[in-house]
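The values are calculated or read from the model by the stated rules, or taken from the named source; none is laboratory data. None of the values given here were measured: they were computed from a predicted structure. No Cβ is skipped: glycine too gets one built from the backbone with ideal geometry, and neighbour counts run over all protein chains shown. Keep in mind that these areas ignore ligands, DNA and RNA; they rest on the heavy atoms of the full protein, side chains included. Shrake-Rupley method; radii C 1.70, N 1.55, O 1.52, S 1.80 Å.
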Amino acid sequence: MAFRASNATKSSNVASVNVKHVDPENRKRPPVKAPSKDLPFLAKSAAEGPLEELATTANQLFQEAKTQLEQSGNIKATIKETLIECLSGLYTIALRLNDKAPCPVVQTAPVADFAKEVLEEIRKQSDLVVAARTDMGAVRETVEKLNDDINKNTLGGISYAAMAATTKSEKTSFSQPERVHSLIVSSVDAHDTSDDVIVKIRTAVSAKISGLRVDRLRKVRDQKVVLGCQTQEELAKVADKLRSGNPTLLIEEKANKDPLIIIKNVLSYNTDEDITGALKNQNAHLLAGIPEGNYRAVVRYRRKARNPLECHAVLQVSPSVWQNLTQAGKVHVDLQRVQVEDQSPLIQCTRCLSYGHGRKLCTEAADQCSHCTGPHLRRDCPHWMAGEKATCRNCQAAKLDKLDHDAFDKECPIRKKWDRLARLSVAYC
Ligand SMILES: [Zn+2]
Ligand SMILES: [Zn+2]
Ligand SMILES: [Zn+2]
């Protein structure tokens, strides 16, 4: 300051003494303005003041710097110092603002990375939830099965010791269904409907008078009727009565179908031929005594297993093969010893959940939930995930009272009814 003052005095002295030699430009220049007394306060405010005042402080510092700069012909040391001080204040503000509110341009990449990480984590968690849900479904099925087994054992009054003591032949998991021997009856008159055929059968058999015992009559495709009796002898008598009673009726024997077995968790690389070959060659001890003419085994279809490398193979086999294998419970297939069980011939649609047709022939537009009847798959069902009670779509449609089971539940009364019907035309022995 002292230097500047003396310098100014010197200049004026020079001006007053040597007026003629003074540069006109220099003469127009206003006197050097002293730096603001607020400068130390502004620097302190920049470093410690409230954030909302920083903009004002920054502006004041800028003005100060500008003023000092404007009056510098050749920058003097003091001006330089002031400028540095102001700029230092601005720098401090810039640093603090940077800490408080990250600049979007600089931070874009880290923010994007962070969002990516969060999304990745959400994806991982979502995969875990799906896996947990699948596991939960399997656990629930196992628990339900165990419950069933316990109930059956309790109801049957069978203790564990008694169960363990039973021989293989007594342990047949599946009770023999009633067997029906059937005829297919149609009319030579193409105009006759299946109802007309039924009227003709009723008149011809005149069961109330003849005493013949027909167990069931069922309309089938092409205006035909299936007639069933409990024994072959009874069926033969009914056939005779029909032939003599109404010559316009056509009678064909209806052979019962071979039953089904399911071989569980077979490695999928096995071809159908591998499976049937292994069944016959590796399990000869189980199939001993079955004459060659009575041995039939064909893979009909495969069902998905939980392990993607495995499948459940459904085979149609002759009655004696069905008997022996369902009693054995286990068979060898290649390098595996796997479970074998009876398989119901009942077809249940996985889309609409009703019976008698498969998914490919279903006319329903959307998948129906087996747990809540909603238009979604069970794995996406909010009610199932929340552990809420199930509602059976088929029992609901039949207006039954008890609906609190899954539509695939083996104990569903509608399923049991259809299962019984489907098994009527199957020969189990
Ligand atoms: Zn369907
Ligand atoms: Zn649902
Ligand atoms: Zn049901």
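Considering segment 344-357, the residues that are away from ligand 3 (no atom under 16 Å from the Cβ) and touching a Lys or Arg at 6+ places or on another chain (Cβ under 9 Å) include one that is farthest from ALA422 (Cα to Cα), namely ARG351.
Selection of segment 293-326 for residues being open to solvent by less than 70 Å² (accessible area, probe 1.4 Å) and within 13 Å of VAL266 (Cβ to Cβ) yields VAL299, ALA305, ASN307, GLU310, CYS311, HIS312, ALA313, VAL314, LEU315. Got at least one residue in segment 350-357 being open to solvent by less than 20 Å² (accessible area, probe 1.4 Å), within 16 Å of ligand 2 (Cβ to nearest atom) and under 27 Å from CYS412 (Cβ atoms)? Checked segment 350-357: at least one residue is open to solvent by less than 20 Å² (accessible area, probe 1.4 Å), within 16 Å of ligand 2 (Cβ to nearest atom) and under 27 Å from CYS412 (Cβ atoms).
Looking only at segment 327-349, which residues are hydrophobic (A, V, I, L, M, F, W, C) and open to solvent by 30 Å² or more (accessible area, probe 1.4 Å)?
If the condition is that a residue be hydrophobic (A, V, I, L, M, F, W, C) and open to solvent by 30 Å² or more (accessible area, probe 1.4 Å), then LEU335, ILE347 are the ones that fit.
Considering ASN256, ASN270, which residue is more than 30 Å from VAL197 (Cα to Cα) and in contact with a strand residue (DSSP E or B) (Cβ under 8 Å, 6 or more places away or on another chain)? It would help to see each step written out before you state the result.
Working: ASN256 fails: more than 30 Å from VAL197 (Cα to Cα).
Within the list ASN256, ASN270, the selection yields ASN270.
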